[in-house]
Amino acid sequence: MAKVRFQMFLDVHQKEVLERIQEDTKVPVAEIIRKSIDHFLSGWKRKKKISVEDEMTEKLLSIAGTCKGGPKNLADGHDKYLGSSWNRVGKN
């Protein structure tokens, strides 16, 4: 999924907590925020039954945040991982 630049303001306390989480987990702050937004939107959709653009978006939102494990840099390196999977499929 393509990413777009988005600027926002945080409270000092929010920034400090995010930085501590980043230090503990070695996960970039941007990824922590993206995962938090996905989690929030998934819960909001379930509670409010918000409409989505299409059926595929609805399916994707339904699984957001359900997977555990995997590469820590999946958000940043998804092209590399998808490419290597695609190459394996092509060799069968």
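The table below gives the values:
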| quantity | calculated |
| --- | --- |
| Cβ-Cβ under 8 Å pairs, at least 6 apart or on other chains, the range 6-20 side free of Cβ contacts under 8 Å to residues at least 12 places away in the same chain and within 13 Å of Ala30 (Cα to Cα), far side surrounded by 10 or more Cβ atoms within 10 Å (Cβ to Cβ) and hydrophobic (A, V, I, L, M, F, W, C) | Leu10/Leu18; Glu19/Val29 |
| Odd one out for Ser84, checked against (1) part of a loop (DSSP other than H, G, I, E, B); (2) modelled with pLDDT under 75 | (1) |
| Residue within the range 11-30 that is in contact with a helix residue (DSSP H, G or I) (Cβ under 8 Å, 6 or more places away or on another chain) and among the small types (Gly, Ala, Ser) present | no |
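The values are calculated or read from the model by the stated rules, or taken from the named source; none is laboratory data. Model, not experiment: these values are computed from the prediction. Quick reminder, even Gly has a Cβ in these numbers, built from the backbone with ideal geometry, and neighbours come from all protein chains shown.
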